[in-house]
Amino acid sequence: MLGLLLPFAAALAAAGDEPRVAPDPTAVSPGVELWDAVRERQPFDAGQVRTQPPGGERGVLINVGGEAWRQFRMQELIPVAARVLGGVAIAILLFRLLRGKIPIRAGRSGEKIRRFSGFQRLVHWTVAVLFVLLALSGLVMLFGRYFIIPWLGSEFGGALTYWLKRIHDFSGPVFGVALLVMIITFMKGNFPALYDLKWVFKAGGMLGGHAPAGRYNAGEKGWYWLAAGVGMVVVVSGLVLDFPNLGGFDRDAMAWYHRLHSIGAVAIMAVSMGHIYMGTVAMEGAFECMATGYCDSNWAREHHDRWYAAITDEKSPSDTATGLVEPAPEPSAATRQQAG
Amino acid sequence: MARMKFYCDAERCIECNACVTACKNENEVPMGVNRRRVVTIRDGEPGERSLSVACMHCSDAPCQAVCPVDCFITTPDGVVLHNKDTCIGCGYCFYACPFGAPQFPLDGQFSTRGKMDKCTFCNGGPETADNSPDEIRKYGRNRLAEGKLPLCAEMCSTKALLAGDAGVIADIYRKRVVNRGANAYLASGSLQKGAFEALQTPPQPE
Ligand code: HEM
Ligand code: SF4
Ligand code: SF4
């Protein structure tokens, strides 16, 4: 452009024809202001913006937050989620290979203790089934492009993802209600106690030694409060994402709710893997609690000593171990202490 | 091979909305969707400018990058096409797009989104059968297959909106800019003064 203008400049200079207005080299082209306004650069003043089509944000020429959201989802969320979820899976596998199944050391007593009511189990399994549906469909939205679409093709893979998203859309609000009921029905026994600190320092008995626990151990309590707190964040943000045409949230707000939703969902899914592993194959005698509502008394004694003591009026082994309580005179106390 | 581009000249657009109307009509665009729209900024003030905006058929398209089902293809002409059969209506392309091009018809049940709809550069969909009834129903007319350019730009009375091969568009626009600069210089800043003050600075010989 400069080159093309030069002949004009030369011609003018030759004619000795000075411009009437002294050129101001510092003058800012209004074109610059126009594009600053369009790109929402500071300082900008787009004045009154008008456009004919109705609907939110049609007056926005450039969506400034879009690129940040793209970076978040593609460069952060997806790689980090893959590492976190994969890392937890590998950790569980290693733990299993190193430590094997956690047995009831004293063997089953055959004596059953009531642990969960029928209603509690109904609530737990409702939440669990919906959670698994939400997690699987959510994971397909998150990672499906890398395996479902290349594997099943865009036609079938797309239709499958579409139906999984519908399942996600519809089970989400139901999950929200079920989660609320669960938070209420499981609150008793989930408040932290001082001995939970000891459980945490002993890593729940993973480092050997006995870790004291009430009705729920510190790990379960942590899971309860995480599921309650982060779960509600995921539910509320999910509801916003579920009804894009109702809430009046704009694009940036939706993208922020998506951030909350996906980060919360990945956190819950990661911890849930540990919970599911513990509750099913990791520990002898754990699954039957939620399946039948009853646990074996020796299981309760070994894993929930405080609770067992409270309901049977027996002194718990960890009390004797810490010297808080006189050791029980029965000969079994010593073996139990080791077993714990 | 062409590299298709739109360009809207803010110094020419007169906000007549003919492009918007042409697009809606030619492509039978669904309710609630405007594939093209004209935005005026500084309305009624000095420096008022209008721009007609639609999908810009990005080279490294954000919509394409974020789509969970890999809905998009870029044709050899550089047109970004979207597959409505695969789309799950998640709205991610709408969050990521710089230009607000992806929009959603208001027909999703329970207020969820329907299948995304956006400008096709009048190139239909990814279907192989050009201008089949199916393609027309889903995406509108495939003018490129008929050797024609997008109707919005073809309609534009001031030729503010240009569509076509990037090289050709760039040449046309470059000529306009040079002419405007020369005019501004010759008139010593008096011509359309507000718009071109920066060009009062005489070019320095290199
Ligand atoms: C705790 C269980 C849940 C998990 C593990 C979960 C997980 C996910 C994941 C991973 C995504 C995909 C994010 C992405 O691809 O970037 C997603 C999207 C979504 N979730 Fe959830 N979610 C859960 C609960 C919910 C609930 C309770 C609702 C509704 C009330 C909900 C509504 C949605 C919606 C609508 C989307 C699609 C995003 C959109 O349309 O913008 N989710 N979820
Ligand atoms: S929809 Fe948006 S992001 Fe995608 S190609 Fe068009 S302008 Fe670019
Ligand atoms: S709305 Fe459709 S095209 Fe857009 S990102 Fe979601 S699936 Fe892809």
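The values are calculated or read from the model by the stated rules, or taken from the named source; none is laboratory data. Quick caveat: nothing in here was measured; it's all calculated off a predicted structure. Cβ atoms come from the backbone with ideal geometry, glycine included; neighbour counts cover every protein chain shown. Each accessible area value is taken on the protein alone, full model and side chains, heavy atoms only, with ligands, DNA and RNA left out. Shrake-Rupley method; radii C 1.70, N 1.55, O 1.52, S 1.80 Å.
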### Task
Determine which member of the set A:I104, A:I78, A:I62 is over 29 Å from B:G32 (Cβ atoms), more than 16 Å from ligand 1 (Cβ to nearest atom) and either among the β-branched types (V, I, T) or buried (at least 16 other Cβ atoms within 10 Å of the Cβ) (or both).
A:I104
### Message
Suppose we filter the stretch B:105-117 for residues that are open to solvent by less than 30 Å² (accessible area, probe 1.4 Å), away from ligand 1 (no atom under 11 Å from the Cβ) and touching a Lys or Arg at 6+ places or on another chain (Cβ under 9 Å); how many remain?
### Response
3
### Message
Restricting to the stretch B:58-77, give me the number of residues that are within 16 Å of ligand 1 (Cβ to nearest atom) and either open to solvent by 20 Å² or more (accessible area, probe 1.4 Å) or in contact with a Pro (Cβ under 7 Å, 6 or more places away or on another chain) (or both).
### Response
5
## Note on the structure
Of the residues in the stretch A:46-82, those that are on the phi > 0 side of the Ramachandran plot and without any contact (Cβ under 8 Å) to a residue 12 or more places away in the chain number 2
### Summary
The residue that is least open to solvent (accessible area, probe 1.4 Å), considering only those in the stretch A:245-303 that are of a type in the set (S, T, Y) and more than 15 Å from the chain's Cα centre (by Cα), is A:S297
### Summary
Checked B:M155, B:M116 against criteria (at pLDDT 80 or above and within 24 Å of A:P244 (Cβ to Cβ)); the one match is B:M116
### Query
All but one of (1) modelled with pLDDT of 85 or more; (2) assigned to a loop (DSSP other than H, G, I, E, B); (3) within 7 Å of chain B (Cβ to nearest Cβ) hold for A:G107; which doesn't?
(3)
### strands (runs of 3 or more DSSP E) contained in the stretch B:3-92 and holding at least 2 residues more than 10 Å from chain A (Cβ to nearest Cβ)
B:4-8, B:72-74, B:80-82
### Query
Applying the selection to the stretch A:107-129, what residues are within 30 Å of A:S171 (Cα to Cα) and open to solvent by 70 Å² or more (accessible area, probe 1.4 Å)?
A:F119, A:L122, A:W125, A:V129
### Query
Which of the residues belonging to the stretch A:31-64 are assigned to a helix (DSSP H, G or I) and within 8 Å of chain B (Cβ to nearest Cβ)?
A:G31, A:V32, A:E33, A:L34, A:A37, A:V38
### Task
Scan B:A101, B:A163 and give me the residue that is open to solvent by less than 30 Å² (accessible area, probe 1.4 Å), closer than 21 Å to B:N17 by Cα, within 14 Å of chain A (Cβ to nearest Cβ) and small (G, A, S).
B:A101
### Summary
Residues in the stretch B:79-93 that are under 15 Å from A:G65 (Cα atoms) and open to solvent by 10 Å² or more (accessible area, probe 1.4 Å) total 2
### Task
With the condition kept exactly as written, say whether any residue in the stretch A:131-140 is of a type outside the set (D, E, K, R), in a helix (DSSP H, G or I), touching a residue at least 24 places away in the same chain (Cβ under 8 Å) and closer than 20 Å to A:C289 by Cα.
yes
### Message
Based on this model, can you work out whether A:V235 counts as over 22 Å from B:G32 (Cβ atoms) and either within 14 Å of another protein chain (Cβ to nearest Cβ) or crowded, with 18+ Cβ neighbours inside 10 Å (or both)?
### Response
yes
## Note on the structure
All conditions in (1) more than 9 Å from ligand 2 (Cβ to nearest atom); (2) open to solvent by less than 10 Å² (accessible area, probe 1.4 Å); (3) touching a Pro at 6+ places or on another chain (Cβ under 7 Å); (4) within 7 Å of another protein chain (Cβ to nearest Cβ) are true of B:A96 except (1)
### Task
Output the qualifying pairs, or none if there are none: Cβ atoms under 7 angstrom, residues six or more apart or on different chains, first residue in the stretch B:126-153 and under 18 Å from B:G78 (Cα atoms) and open to solvent by less than 20 Å² (accessible area, probe 1.4 Å), second residue in a helix (DSSP H, G or I) and among the charged types (D, E, K, R).
B:N142/B:E135
#### Entry: Test for A:Q48: is it open to solvent by 80 Å² or more (accessible area, probe 1.4 Å), at pLDDT 80 or above and more than 30 Å from A:I276 (Cα to Cα)
yes
### Message
Six or more apart or on different chains, Cβ atoms under 8 Å: show the pairs whose first residue is in the stretch A:253-279 and away from chain B (no Cβ under 14 Å) and whose second is open to solvent by less than 70 Å² (accessible area, probe 1.4 Å) and among the hydroxyl-bearing types (S, T, Y).
### Response
A:G264/A:S237
